[in-house]
Amino acid sequence: MAKYYITTPIYYASGKPHIGHAYTTVLADVLARYHTLLGDKVFFQVGTDEHGAKVATSAKKVGKTPEVFVNEITPIFSDLWQKLDIQYDRFIRTTESAHIKAVQKALQALYDKGDIYKDKYEGWYCEGCEQFKLENDLVDGKCPDHQTKPTFMSEDTYMFRMSKYASPLRDAIVSNSLQITPENRKQEVLQFLTRGLKDISISRQNQKWGIPLPWDEEHTFYVWPDAFLNYLTVLGWNGDPAVIPSSYPPDLQLMAKDILRVHATIWPTLLLALGLPLPKKFYVHGYFTSEGKKMSKAVGNVIDPQEVISTFGPEATRYLLLSSMPYGEDGDLTMEKMKAKYTADLVNGLGNILSRTLTLCHKYFSGLVPTGPDSPQDWSAKWRVYDEAMVKADSLTVLNSVIEAIKSLDQNLQENKPWEVLGAQNNSESAAAVLYRVLEALRHIAIMLKPVMPSTSDKIMTALGLGPVEHITEADKQWGGLKPGTKLGEKVHLFERKF
Ligand code: MSP
């Protein structure tokens, strides 16, 4: 049994969840479920990043203390994950005392070995990014991501000797022992590394909302190292580099392009300094835009995940998010596009083919799986595309492989018109063969959909007279798993026609 540890970024507890947070988390859930079905021992982490200036400022704006504020925001995230049927193993909050202690212990070890030292730091700080910006990162003096002018900061700080680890970091990325996917993102990081890796400021003197440095309580840790160590503390790590949790290192870490650079520099160099293994792989996805524009309150094109769920239901929401993000690229979302996709793929596609086929089987074959002189279909190519897309975390291709299969079944039904043949009471053998092909294909489709739309998959399996999918084995991928004569379930409507 292989282990599979998958992580999502821990989202800032500074406001309501964004549709992009939902995408990354649903994608992680699908991959975690897929690996569980393969028999792997999965650990799936989620959480919230609760310290730092961004959270403190958001709390202040509404007149609350950061503690009260994060205690209100965090449940909004966990409620959303529950609604979306996210089966994580643990939700970590960086304000948990065990996390705080472990961060202090680990960074104390780096201070003791001389990898953290005191200095003075001056620079432009963007609170939205929680990062210092170089002059050439700014456009017209503003942060291009947040459209705000960073604040100039000059203070005593503790620095992390990141430069010391530039060369092993580069080697790990070049050799793919830390694999960054897609390839263009790896090149982007390598390009960035050619500029050299400077030491970074790792503490804040004037930011009270953070973890105090154990050796200098005037300072708190910079929010990123605090946040990165969640990937260890969520597994119960206590900050001792000599004791490595069994699920560690991460097999896959998901993130969008916004936080690749910090993940590919600060996080692995901290690990190198601690003498801990590096994560195996990153998958960096794109951003959701709406009508081609960045979602923003000012433009009025923000899509609220709660609204998507109440419009389409949780299962269809999972499907719509996953199928709207092409591999490694940005995806565009609008309610109109989602409505059209819902109707085409789920109502007219999957839902319709299942209910039509069941109706015919109940009417003409006494509700049993029919049989006819049919040749086995080879699904190996479809399974290959599906499995490879799962390995790449390419959610659109996973779903396209299912939708293409449904389309070709539909075409096959249109060409053979079994209802006409059966209505005329002639050649029911050939109609039986056509219907068997649809039902058996739907068994494959239900297995493929199990990680994506678990309860829809269960409904299809019940309609086929089978139990829920509990694993994915090579035998399950062969043609003929559905036996003729099996008693089919009742007719079922998978998706309500709404638009
Ligand atoms: N707290 C840090 C991460 C620390 S991880 C150790 C952070 N939080 S965040 O709330 O800003 O979340 C960023 C992540 O949210 C992105 O990397 C992505 O996973 C998701 N998304 C937020 N907006 C997004 C889009 N518009 N589109 C797609 N996903 C994006 O950074």
Answer yes or no as to whether residue 317 is more than 11 Å from the ligand (Cβ to nearest atom), assigned to a helix (DSSP H, G or I), in contact with a helix residue (DSSP H, G or I) (Cβ under 6 Å, 6 or more places away or on another chain) and not hydrophobic (A, V, I, L, M, F, W, C).
yes
Would you be able to say whether some residue in the stretch 343-363 is farther than 20 Å from residue 482 by Cβ and within 16 Å of the ligand (Cβ to nearest atom)?
no
Being in contact with a Pro (Cβ under 9 Å, 6 or more places away or on another chain) and over 22 Å from residue 459 (Cβ atoms) is the requirement here; does residue 293 meet it?
no
From 249, 225, residue being within 15 Å of the ligand (Cβ to nearest atom) and closer than 28 Å to residue 35 by Cβ:
249
Show the residue pairs meeting these rules: Cβ distance below 7 Å; 6+ apart or different chains; first residue within the stretch 388-417 and in contact (Cβ under 8 Å) with a residue 40 or more places away in the chain; second residue acidic (Asp, Glu) and surrounded by 21 or more Cβ atoms within 10 Å (Cβ to Cβ).
403/345
If I filter the stretch 1-12 down to residues being more than 10 Å from the ligand (Cβ to nearest atom) and touching a residue at least 40 places away in the same chain (Cβ under 8 Å), which single residue comes out as farthest from the chain's Cα centre (by Cα)?
1
Please go through (1) within 16 Å of the ligand (Cβ to nearest atom); (2) within 20 Å of the chain's Cα centre (by Cα); (3) not in a loop (DSSP other than H, G, I, E, B) for residue 337 and return the number of the only condition it doesn't satisfy.
(2)
Which residues, taken from the stretch 152-198, are closer than 26 Å to residue 112 by Cα and buried (at least 17 other Cβ atoms within 10 Å of the Cβ)?
157, 158, 159, 160, 161, 162, 165, 169, 172, 197
How about the stretch 363-380: which of its residues are in a helix (DSSP H, G or I) and surrounded by 15 or more Cβ atoms within 10 Å (Cβ to Cβ)?
364
Hey, can you tell me all the residues within the stretch 20-31 that are more than 7 Å from the ligand (Cβ to nearest atom) and not hydroxyl-bearing (Ser, Thr, Tyr)?
22, 26, 27, 28, 29, 30, 31
Exactly one of 260, 272, 235 is assigned to a helix (DSSP H, G or I), away from the ligand (no atom under 11 Å from the Cβ) and either touching a Phe, Trp or Tyr at 6+ places or on another chain (Cβ under 6 Å) or over 19 Å from residue 115 (Cβ atoms) (or both), and that one is 272
Scan the strands (runs of 3 or more DSSP E) fully inside the stretch 112-161 and keep the ones with 3 or more residues being in contact with an Asp or Glu (Cβ under 8 Å, 6 or more places away or on another chain).
116-126, 151-160
Among the listed residues 52, 47, 123, identify the single one that is farther than 17 Å from residue 225 by Cα and either surrounded by 15 or more Cβ atoms within 10 Å (Cβ to Cβ) or touching a strand residue (DSSP E or B) at 6+ places or on another chain (Cβ under 7 Å) (or both).
123
Looking only at the stretch 275-292, count how many residues are more than 28 Å from residue 5 (Cα to Cα) and either within 11 Å of the ligand (Cβ to nearest atom) or within 18 Å of the chain's Cα centre (by Cα) (or both).
2
Inside the stretch 164-194, can you point out the residues that are free of Cβ contacts under 8 Å to residues at least 40 places away in the same chain and more than 26 Å from residue 221 (Cα to Cα)?
171, 174, 175, 176, 183, 186, 187, 190, 191, 194
Pairs needed: first member in the stretch 13-28, over 21 Å from residue 390 (Cα atoms); second member anywhere, within 9 Å of the ligand (Cβ to nearest atom) and assigned to a helix (DSSP H, G or I); C-beta distance under 7 Å; at least 6 residues apart or different chains.
14/54
Scanning the stretch 264-280 residue by residue, those in contact with a strand residue (DSSP E or B) (Cβ under 9 Å, 6 or more places away or on another chain) and either hydrophobic (A, V, I, L, M, F, W, C) or surrounded by fewer than 21 Cβ atoms within 10 Å (Cβ to Cβ) (or both) turn out to be 264, 266, 267, 270, 273, 280
Can you find a residue that is touching a residue at least 60 places away in the same chain (Cβ under 8 Å), more than 13 Å from the ligand (Cβ to nearest atom) and under 18 Å from the mean Cα position of the chain (by Cα) anywhere in the stretch 56-75?
no
Tell me the helices (runs of 4 or more DSSP H) entirely within the stretch 386-499 that contain at least 3 residues that are within 21 Å of residue 374 (Cα to Cα) and under 30 Å from the mean Cα position of the chain (by Cα).
395-416, 428-449
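We did not get these values from a lab; they are worked out from the coordinates using the rules stated. In this text the structure is predicted, and so the values were computed from the model without any measurement. Backbone-built Cβ (ideal geometry, glycine too); neighbour counts: all protein chains shown.
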